[in-house]
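Engineer: Sending over a structure as structure tokens; questions will come in a sec.
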Amino acid sequence: MRLALVASLALAAAAPALAAAPPSQVQRGEHLYGQYCVACHGASGSGIYKAREIGGGPAREQTQQPGLGPSLRGVGAQAADFYLRTGYMPLQHVGLQPRRSRVQLSDAEIRALVAYVASLSPGPPIPNPHPGRGTLGRGMHLFLTNCAGCHQIVAEGGYVTGAVAPPLKQATTTQIAEAVRIGPNVMPSFSRRQLSAADLDSIIAYVQYAKHPDDRGGWAIGHVGPVPEGLITWFIAAVALLATCIVIGKRLRRETG
């Protein structure tokens, strides 16, 4: 009973966001969907689960490739907004990991396409995070626990099995909130039970800080971790040690000569 009440309240909260889109905008989004998305995601966002050959198209490689994509019903405005505004979609070649790239559509086109996807079935709206309400220390702890294993401690990105965890320097506060909730590619999604809205605000506050951290230790070396720091230390130490040996050797030679 309580679960049903929570679900009803969530749908009620999402309803104004869906109702706000005028029919003309949804209609334009449907046209754009047919142009950019239908080949992989199917009619009305139903998804395509049995690969079929498709040719070139707008924003796609002009080669034959399999058309294959998940259903978009129920993903809401949240997922559509994230994938379009990061340039993850439209995907140039099916099977490649979506990566941040040049955004293919204008802001008005993105709004229309997001409105159409949101109209297919009730789903989560675009989040509105408030990192100013977050706590930096709490955010660092949560990021270290849940995110740093892939994205590195100062969000410079990294490599995991079968994928690349992107750096977060270009991610906006909204995009970070969207990614946490939807879990793009191999990233896990985090529910509000796992990470509350307050937790998410703190994580975003930390990621924003990590874009320009206070490097009190000196040279940051790209913030890519202890391995290059150790290597550079050894290289500097080796050169300094070699130079010291040469100076001592020359001095000994003069004294014995």
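Engineer: Extension gain Arg254-Thr161, at 0.36 nm per residue separation less the Cα-Cα distance, in nm?
Structural biologist: Taking Arg254 through Thr161 to full extension adds about 27.6 nm, to one decimal.
Engineer: Over the range 42-110, how many percent of alpha carbon pairs lie in each 10 Å bin up to the one with the longest distance?
Structural biologist: 19, 51, 30, 1
Engineer: Label-point separation (nm) for Asp214 and Arg193, each offset 7 Å from Cα along Cα-to-Cβ?
Structural biologist: 3.8 nm
Engineer: Moving to a separate point now. Just for the Cα atoms in the range 113-170, what are the lengths along the principal axes, largest first, rounded to whole Å?
Structural biologist: Between the extreme Cα coordinates on each principal axis of the range 113-170 lie 38, 35, 19 Å.
Engineer: Stretch Lys169-Val186 to full length: gain in nm at 0.36 nm per residue minus the Cα-Cα span? Before the final figure, lay out the partial values.
Structural biologist: Values: separation 17, 0.36 × 17 = 6.12 nm, distance 1.94 nm.
4.2 nm is the gain from fully extending Lys169 to Val186.
Engineer: May I pose another question? List the residues whose amide H sits under 5 Å from the amide H of Ala51, counting only those 5 or more places along or on another chain, with H placed 1.01 Å from N in the peptide plane.
Structural biologist: For Ala51, whose amide H was placed from the backbone, there are no distant partners under 5 Å.
Engineer: While we're on this one: Give a residue-ordered list of calculated ³J(HN,Hα) values for the range 189-206 (Karplus: 6.51 cos²θ - 1.76 cosθ + 1.60, θ = phi - 60°; whole Hz; x for Gly, Pro).
Structural biologist: Whole-Hz 3J(HN,Hα) from phi for the range 189-206: 8, 10, 6, 5, 6, 6, 10, 6, 4, 5, 4, 5, 4, 5, 4, 5, 4, 5.
Engineer: Could you work out the local net charge near Arg85, counting Lys and Arg as +1, Asp and Glu as -1, over the other residues with Cβ closer than 13 Å to its Cβ?
Structural biologist: Net local charge, Arg85 excluded: -1.
Engineer: Once phi is turned into ³J(HN,Hα) by the Karplus curve 6.51 cos²θ - 1.76 cosθ + 1.60 with θ = phi - 60°, what whole-Hz value does each residue of the range 32-43 show in order, with x for glycine and proline?
Structural biologist: 5, 4, x, 7, 10, 10, 4, 4, 10, 9, x, 5
Since every read-out is calculated from the coordinates, none of them should be taken as a lab result. The shown structure was predicted, so the numbers you read here are calculated from the model rather than taken from an experiment. As a convention, Cβ positions derive from the backbone with ideal geometry for all residues, glycine included, and neighbour counts pool all protein chains shown.
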